[in-house]
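First comes the structure, then the notes that go with it.
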Amino acid sequence: MNAPARKSRTVTVDLPDEAFHFHPWSPVELADDLRLLWLLDQVRERRLGHAKAAELAGIPRAQFLRKMGRHRI
């Protein structure tokens, strides 16, 4: 049995070119980082539980908990 397709939304963020002078992020890497930071903030604000946030981030719960610790959540 296949899992149902998950709907998603695309968000466009304009970033200044100078932000890329010190680290040449790839668009995929940057999108993953921004998604993770947004999910961490949703947990911090108690809008989302850590287990669901880990699932949405596509990473194991233990890894998400470590990232929460690094961000002092």
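The values are calculated or read from the model by the stated rules, or taken from the named source; none is laboratory data. No experiment lies behind these values; they were computed from the predicted model shown. Cβ placement follows ideal geometry from the backbone for every residue including glycine, while neighbour counts extend to all protein chains displayed. The area values use the complete protein model at the heavy-atom level, side chains included, leaving out ligands, DNA and RNA. Shrake-Rupley method; radii C 1.70, N 1.55, O 1.52, S 1.80 Å.
Restrict the search to segment 1-51; then list the trypsin sites (Lys or Arg not before Pro) that DSSP places in a loop and that have at most 11 other Cβ atoms within 10 Å of their Cβ. Numbers along the way, then the final one.
On the way: sites: Arg6, Lys7, Arg9, Arg35, Arg44, Arg46, Arg47; in loops: Arg6, Lys7, Arg9, Arg46, Arg47.
Passing both the DSSP loop test and the Cβ count: Arg6, Lys7, Arg9, Arg46, Arg47.
At a 1.4 Å probe radius, carbon and sulfur cover how many percent of the accessible area of the chain?
On the way: 3490 of 6520 Å².
Percent of accessible area from carbon and sulfur atoms in the chain: 53.
At 0.36 nm per residue, minus the direct Cα-Cα distance, what do Gln42 and Arg61 gain on full extension? Give it in nm, one decimal, please.
Working: separation 19, 0.36 × 19 = 6.84 nm, distance 1.53 nm.
Here the answer is 5.3 nm.
Before I look further, what does the chain give for accessible area per residue, probe 1.4 Å, in whole square angstrom? Write out the running numbers ahead of the final one.
Working: 6520 Å² over 73 residues.
Per-residue value: 89 Å².
If we count chymotrypsin sites (Phe, Trp or Tyr not before Pro) as exposed when they sit in a DSSP loop and have at most 16 other beta carbons within 10 Å, what is the longest stretch of the chain that avoids them all?
26-73
Once R0 is set to 25 Å, what does the formula 1/(1 + (r/R0)^6) return for the Cβ-Cβ distance between Lys52 and Trp25, expressed as a FRET efficiency to the nearest 0.05?
It comes to 0.40.
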